[in-house]
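**Student:** The structure is given below, and queries will be raised subsequently.
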Amino acid sequence: MKNDEVLSIQSYLRMVFENDNINLRKKDSENNMVDFFVSEENFGEISKDIDPDELDISYSLNVPLKKSLKDTDSLENTLRKIFENSKIILSERGSIEDSKEVAISKTDGDDEFIGVVFEDDNDSCTFSMPILDFDL
């Protein structure tokens, strides 16, 4: 990723999570991936996805979590701690049982969908947040 892309994504994430401690750092060995930090702790990575058929570019933030998807309160608290944002909420996805929706509670009463937590196995899951180029 180019430096201007990294800075745009970083600014976007800081705005979404209302957290200026979010930092992205380029990986030496990967052109289309950056590490995702909050303060000085590395929590995951962002990958760049290019669709050659549509010329669309998107990004995906992935944060592995050593929590069970079934323990909603603990998982929600973990996400709040990672992103340093107490407004993060988890909700069920109807009949879909292998994932939960992640949103940020807004003052106007609407919740802003930001991503999904997918179950990896009984003891871990992954938070995944799509970032589209027009969001930046």
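The values are calculated or read from the model by the stated rules, or taken from the named source; none is laboratory data. Quick caveat: nothing in here was measured; it's all calculated off a predicted structure. Quick reminder, even Gly has a Cβ in these numbers, built from the backbone with ideal geometry, and neighbours come from all protein chains shown. Keep in mind that these areas ignore ligands, DNA and RNA; they rest on the heavy atoms of the full protein, side chains included. Shrake-Rupley method; radii C 1.70, N 1.55, O 1.52, S 1.80 Å.
**Student:** Cβ-Cβ under 6 Å, sequence separation 6+ or interchain: first residue in region 105-125 and at positive phi and without any contact (Cβ under 8 Å) to a residue 24 or more places away in the chain, partner of a type in the set (Ser, Thr, Tyr) and open to solvent by 90 Å² or more (accessible area, probe 1.4 Å). Which pairs?
**Tutor:** Every condition considered, no pair remains.
**Student:** Could you run through region 67-80 and say how many residues are closer than 26 Å to Asn23 by Cα and either open to solvent by less than 50 Å² (accessible area, probe 1.4 Å) or without any contact (Cβ under 8 Å) to a residue 40 or more places away in the chain (or both)?
**Tutor:** Filtering region 67-80 for residues closer than 26 Å to Asn23 by Cα gives 67, 74-80.
Next, only the ones that are either open to solvent by less than 50 Å² (accessible area, probe 1.4 Å) or without any contact (Cβ under 8 Å) to a residue 40 or more places away in the chain (or both) stay: 74-80.
Counting residues in region 67-80 that are closer than 26 Å to Asn23 by Cα and either open to solvent by less than 50 Å² (accessible area, probe 1.4 Å) or without any contact (Cβ under 8 Å) to a residue 40 or more places away in the chain (or both) gives 7.
**Student:** Which of the residues belonging to region 23-65 are over 23 Å from Lys100 (Cα atoms), open to solvent by less than 70 Å² (accessible area, probe 1.4 Å) and of a type in the set (A, V, I, L, M)?
**Tutor:** Leu24, Met33, Val34, Ile57, listed by residue number.
**Student:** May I pose another question? Taking the conditions exactly as written (closer than 21 Å to Glu41 by Cα, modelled with pLDDT of 95 or more and in contact with a Ser or Thr (Cβ under 7 Å, 6 or more places away or on another chain)), does Lys87 satisfy them or not? Break it down into steps so the answer makes sense when it comes.
**Tutor:** Values: closer than 21 Å to Glu41 by Cα: yes; modelled with pLDDT of 95 or more: yes; in contact with a Ser or Thr (Cβ under 7 Å, 6 or more places away or on another chain): yes.
In short, yes.
**Student:** Report, by residue number, each residue of region 89-104 that is without any contact (Cβ under 8 Å) to a residue 40 or more places away in the chain, among the β-branched types (Val, Ile, Thr) and in contact with a strand residue (DSSP E or B) (Cβ under 6 Å, 6 or more places away or on another chain).
**Tutor:** Restricting attention to region 89-104, the residues satisfying the condition of being without any contact (Cβ under 8 Å) to a residue 40 or more places away in the chain are 89-103.
Checking which are among the β-branched types (Val, Ile, Thr) leaves us with 89, 96, 102.
The answer is Ile89, Val102.
**Student:** I would also like to ask the following. Could you tell me which residue of region 1-22 is nearest to Thr107 (Cα to Cα), considering only residues that are surrounded by fewer than 18 Cβ atoms within 10 Å (Cβ to Cβ) and touching a helix residue (DSSP H, G or I) at 6+ places or on another chain (Cβ under 8 Å)?
**Tutor:** Asn19
**Student:** Those residues that are touching an Asp or Glu at 6+ places or on another chain (Cβ under 7 Å) and modelled with pLDDT under 95, I need them from region 106-118; list them, please. Before you say what the answer is, go through the steps one by one.
**Tutor:** Step one: filter region 106-118 for residues touching an Asp or Glu at 6+ places or on another chain (Cβ under 7 Å), giving 106, 113, 116, 118.
Passing the criteria: only Lys106.
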